[in-house]
Amino acid sequence: MKIYIAASWTLAPMVRIFAQFLRAHGYEVYDFTSPEHFVFNITEESEPPRHRANWLDVASMPEVQKACEVDKAGMDWADVGVLLLPSGRSSHMEAGYLIGQGKPLIVFGSLPLGEFEVQYNMARYRMDGSRTQPLLDALQELRGETMTIPKKCQKCFGNKFNAILRCNTCTVRNGCELSQQATADAYQESR
């Protein structure tokens, strides 16, 4: 199963450790901090320095647009997203994109008391980052569920294995031929 880690650049060392942990447990991981991916980060050493950078100017920079394209390709590649807390605006947009694509999202980490986000309820799982076993359990559960749904059928059932039982567009009981084939493929992969 392929996992996209959505996190803040301020957590880069933690992201690298987290990616190694997931790989050690047999998962493929998109780690935006990895040198194999196009890496762009505005710091105080950048020109202009981070504290003087206008967001509209930064968004127009070719290297920023390229970084966005590469990360989006990573999100499209992934089966599941993990939002590491605490995180910033970009990682929350990535989390929203993943959910919008019908991909399960796990919110993992902690926030200071008094800080919360109502929309974290959109995530499939929400868990404290102090223990990794619940995360591994959730990923194992998702491993049995995630599969590739034909593009034509994604409107009906996203990436949810159990939703293949009925197609909302064609209303064919037990799904159309495409969903029946996807179900059969998923069953064979799970064995």
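The values are calculated or read from the model by the stated rules, or taken from the named source; none is laboratory data. None of the values given here were measured: they were computed from a predicted structure. In this analysis, Cβ positions are derived from the backbone assuming ideal geometry, glycine residues included, and neighbour counts consider all displayed protein chains.
Evaluate the range 155-169: report whether one residue or more is over 20 Å from Pro13 (Cα atoms), within 17 Å of the chain's Cα centre (by Cα) and modelled with pLDDT of 80 or more. Within the range 155-169, none of the residues are over 20 Å from Pro13 (Cα atoms), within 17 Å of the chain's Cα centre (by Cα) and modelled with pLDDT of 80 or more.
Taken together, the residues in the range 51-99 that are assigned to a loop (DSSP other than H, G, I, E, B) and closer than 21 Å to Leu139 by Cα amount to 5.
Restricting the range 99-116 to residues that are surrounded by fewer than 14 Cβ atoms within 10 Å (Cβ to Cβ) and not hydrophobic (A, V, I, L, M, F, W, C), the residue that is modelled with the lowest pLDDT is Pro112. Could you figure out which of (1) modelled with pLDDT of 95 or more; (2) out of contact with any Leu (no Cβ under 6 Å at 6 or more places or on another chain) isn't true of Gly81? Gly81 satisfies every listed condition except (2).
Residues of the range 100-114 that are farther than 25 Å from Phe21 by Cβ and in a loop (DSSP other than H, G, I, E, B): Gly102, Leu113, Gly114. Apart from one condition, Gly175 fits all of (1) in contact with a strand residue (DSSP E or B) (Cβ under 7 Å, 6 or more places away or on another chain); (2) at pLDDT 90 or above; the exception is (2). One residue is enough: does the range 18-31 have a residue meeting the conditions acidic (Asp, Glu), in a loop (DSSP other than H, G, I, E, B) and touching a helix residue (DSSP H, G or I) at 6+ places or on another chain (Cβ under 8 Å)? Yes, that holds for at least one residue. Within the range 17-57, restricting attention to residues that are more than 24 Å from the chain's Cα centre (by Cα) and among the aliphatic types (A, V, I, L, M), the residue that is surrounded by the fewest Cβ atoms within 10 Å (Cβ to Cβ) is Leu56. For the range 125-136, a residue qualifies if it is within 17 Å of the chain's Cα centre (by Cα) and either surrounded by fewer than 14 Cβ atoms within 10 Å (Cβ to Cβ) or over 13 Å from Leu83 (Cα atoms) (or both), and exactly one does: Leu136.
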